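Take a look at the structure set out below.
What follows draws every value from the coordinates through simple rules; no lab data is involved. Predicted model only: the values in this text are computed from it and were never measured. Heads up, the Cβs are rebuilt from the backbone with ideal geometry, glycines too, and the neighbour counts pull from every protein chain shown.
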Amino acid sequence: MEIEPLHQFEIWPIIELTVERVDVSFTNSSLWMAIAVACVYYLIMAGTRHHALIPGRLQSIVELCYEFVASLLRDNAGKEGMRFFPLIFTLFMFILFGNMLGMIPGSFTFTSHIIVTFFMAVCVWIGVTALGFWIHGVRFFKFFVPEGAPGAMLPLLVPIELISYCVRPISLSVRLFVNMMGGHTMMKVFAAFVAALGVFGVAPLLVVVALTGFEFAVAFLQAYVFTVLTCIYLNDAIHMH
Amino acid sequence: MPEDPDPNFDDFDARLRKVRETHDGPAEDHADRGKVRGRFGPGIQVGIELLAGVAGGALMGWGLDQWLDTTPWFFLLLFFLGAAAGMLNAWRYLRRFASPEQTGSKPPD
């Protein structure tokens, strides 16, 4: 029997499309992104339809999401950060639904592709850097000069700070991608053992059950971590310490 | 542990808030601290941080070398600086996520 734990990450076009020799096909990845956006849109629209003082179930979910992201942003980026609430909320919901929809058997997890997470991280990074320069002007360069360091050390410390800043989108995107891809691969590997071992497949089956629960936690946690780090970077750009 | 002199739960919220305010300062104050609750397997996260530093530094150095035709000097330099930056990031990550009590951040300018 053949075990293909990486088959689930394969991208295939649903509608093939080429513009100016650039492949812009609508793929299974695009499909699941569209589904994620549609789910978030439906949840928010249906949840806020009644404006009830005592919320129903859907409205409670929407209010929970709002409160969660709002307090996250306020705790990490202060009151000034609340201007960027729409961006942060969209980012969190998109990643959360991407991760969670990926838990449906047979679905596709678009956050398990480095290019997707890297693009999001680079967008955040460029936006935050531009914001820093927009708010502080040239003084934002002082962000790369550690406070209280002796002048002789600066030629060494400033490049290190600069690289540590430039590397942020890499660690931000790799973290989300590695966690999603690693977990899903592991689940597939153990699931294949269940069939291969016959009666003794009970043991890997128990592992798969535990892993499934663990993966749900990871799906939420990684959306959370991505959002928190975005808020922290936003805080750096706004307050510069 | 001392006995609670006032075993009454009616004003528990108010008393808790009072204790918290004297302990943490008013709620407004710690809005700016990069404070995160909980710990999520810091090991692998720190590994990613270290790796990203080295890989990012090496990649930038290689790009500069290709552009300025100075192989291998920028690569060598940025490889080590990148490793240092990775350690710096890992340390910051640990300080922020693994022990949220010790965020050494100062209030903003």
In nm², the average projected area of the convex hull spanned by the Cα atoms of chain A is 19.4 nm²
Once A:A210 and A:V22 are pulled to full extension, the length gained, defined as 0.36 nm per residue separation minus their Cα-Cα distance, is 63.4 nm
Averaged over the residues of B:47-60, the number of partner chain Cβ atoms within 10 Å of each residue's own Cβ comes to 5
The number of Lys pairs in the protein assembly as shown whose alpha carbons lie under 17 Å apart, excluding pairs fewer than 8 residues apart on one chain, is 4
Rounded to the nearest 10, the angle in degrees between the Cα long axis of helix A:57-77 and the longest principal axis of the Cα atoms of chain A comes to 30 degrees
One would report the Cα pair-distance distribution of the range A:164-228, bin width 10 Å, in %, as 20, 39, 23, 13, 4, 0
Shape descriptors of the range A:105-162 over alpha-carbon atoms, Rg and Dmax in angstrom, are 17.7, 58
Summing -39500 (n - 2.57) over every DSSP H run of at least 4 residues in chain A and dividing by its residue count gives a helix-only mean residue ellipticity at 222 nm, to the nearest 500 deg cm²/dmol, of -23500 deg cm²/dmol
So A:I114 and A:A70, fully extended at 0.36 nm per residue minus their Cα-Cα distance, gain in nm 13.1 nm
Computed over chain A: longest principal axis from alpha-carbon atoms vs helix A:28-47 long axis, angle to nearest 10 degrees, is 80 degrees
For chain A, longest principal axis from Cα atoms; helix A:168-196 axis from its Cα atoms; angle between them, nearest 10 degrees, is 10 degrees
